[in-house]
Amino acid sequence: MIDRPIRCGVIGVGRMGSHHARVYAETEAVELVGVVDTDPQRRRRAHDQWGVQAFETVEQLLEKGVDAVSVATPTVSHRRVAEPLLSAKVACLIEKPLAPDVQEAQAIVDAAERSIAVLQVGHIVRYDPVTVAIRSLSGITPRFVEVDRVSPMTFRSVDVGVVLDMMIHDIDVLLMLLGCEPQQVQANAVSVFGEAEDVCNARLTFPPGADGMCCVANLTASRLALKTERKIRLISEDAYVSADFVKRTGTVVRKTANAQQLAELRRRLAAGEDLSQVDYLSLVKVEPLAVGDGEPLKMQIEDFISAVRNGRRASVDVQAGFAAVRAADRIVAAAREAGARMV
């Protein structure tokens, strides 16, 4: 238990890292000690905005003494940045994805296991109020999930393909909701501007649950769309959930017909009766998804700081991040096998 302000830093203060620095600067019982970036303009901007020291190297920040840092550098550098921090027993919040491939992710896992420091992976969609609302629903065991995550090309995070850049969010949410990795993976992808994929569709089949039923998920991610869209649909025997992450709205449809009503309906269907006059809405209950407020990044960082302060394992730990990278790697491999032309 740490009963003093947690001394924090940020490695990489580009678009995402600057938000991390802002939240640390605004959070009570946290001291933003400094930031690290190789770009002198970013260092100056960080100094001017938050009045903190800005360093060129991780070693310079370590010399000042920090308890925890956010690693918001390009994915390809995560291992190089994280290993000395973990070796120094500094807690790390590593932006998603954990690493660009399974081998690099395994190296970070090994470094985390050698260290006593907390390691959290920045799968921020877990903290989105829409995800929180979906997780709070009871009695829903998904049998089919459909997710669309598309946006115009921004030319950010182009060091990785769309699977690791965008689809990784939904991969992580699925693994969290279903509690396991997919049993089968089918995918295809298209590369347009670079060597990595810009559009990908994946079909994931998860192992059967205790009732012998499996779940199939269809994920689409594109960074070549003309608009931004983030939607999820979950279907089970007893409920249907549809949610829009951009609008922060959703609908929950639950089956209310009792066993006798359903048996009668099935009898009439089997008999070939015309049921066009049956009121479908009398068999279900439609209600809005109760989506709360809150900034996902702020909630994520507060959770990370809580883990550091209390010495507990991170809510989204290194194994969760590793599982997402493994699934992403399988999707990319499946797309290649289907004939996709990419590196």
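The values are calculated or read from the model by the stated rules, or taken from the named source; none is laboratory data. Please read all numbers here as calculations on a predicted model, not as lab measurements. Ideal geometry is used to build each Cβ from the backbone, glycine not excepted, and the neighbour counts take in all protein chains shown.
Is segment 76-91 home to any residue that is touching a Gly at 6+ places or on another chain (Cβ under 6 Å), closer than 22 Å to R313 by Cα and either surrounded by 24 or more Cβ atoms within 10 Å (Cβ to Cβ) or not hydroxyl-bearing (S, T, Y) (or both)? No, the conditions are met nowhere in segment 76-91. All conditions in (1) in a strand (DSSP E or B); (2) at positive phi hold for G294, with the sole exception of (1). Taking the numbered list (1) within 27 Å of V71 (Cα to Cα); (2) under 15 Å from the mean Cα position of the chain (by Cα) in turn, L178 passes all entries but (1). Being under 24 Å from V284 (Cβ atoms) and of a type in the set (V, I, T) is a condition met by no residue of segment 164-184.
Taking L164, is it touching a residue at least 60 places away in the same chain (Cβ under 8 Å) and closer than 25 Å to D317 by Cα? If you could, list the steps in order and put the result at the bottom.
Details: touching a residue at least 60 places away in the same chain (Cβ under 8 Å): yes; closer than 25 Å to D317 by Cα: yes.
Taking the combined requirement at face value, the residue satisfies it.
Yes or no, residue by residue, for (1) farther than 19 Å from L137 by Cβ; (2) under 31 Å from the mean Cα position of the chain (by Cα):
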| residue | (1), (2) |
| --- | --- |
| Q260 | yes, no |
| D274 | yes, no |
| E287 | no, yes |
| A290 | no, yes |
| D293 | no, yes |
| Q300 | yes, yes |
| S306 | yes, yes |
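One residue stands out in segment 236-251 among those that are out of contact with any helix residue (DSSP H, G or I) (no Cβ under 9 Å at 6 or more places or on another chain) and crowded, with 17+ Cβ neighbours inside 10 Å: the one that is nearest to D148 (Cα to Cα), namely Y240.
Listed residues Q300, Q260, Q277; which is in the same structural domain as C200 (by TED's automatic domain parsing) and in a helix (DSSP H, G or I)?
On the way: Q300 fails: in the same structural domain as C200 (by TED's automatic domain parsing); Q277 fails: in a helix (DSSP H, G or I).
Only one candidate passes the filter, namely Q260.
When the residues of segment 141-176 are filtered to those that are touching a Ser or Thr at 6+ places or on another chain (Cβ under 7 Å) and among the acidic types (D, E), the one that is farthest from R254 (Cα to Cα) is D159.
Hey, any hits in segment 191-199 for a residue that's surrounded by 16 or more Cβ atoms within 10 Å (Cβ to Cβ), in a loop (DSSP other than H, G, I, E, B) and polar (S, T, N, Q)? Explain how you work it out, then say what you get.
As a first pass, look at segment 191-199 and keep what is surrounded by 16 or more Cβ atoms within 10 Å (Cβ to Cβ): 191, 196-199.
Pick out the ones that are also in a loop (DSSP other than H, G, I, E, B) and you get 191, 196-198.
Still in the running and polar (S, T, N, Q): 191.
Yes.
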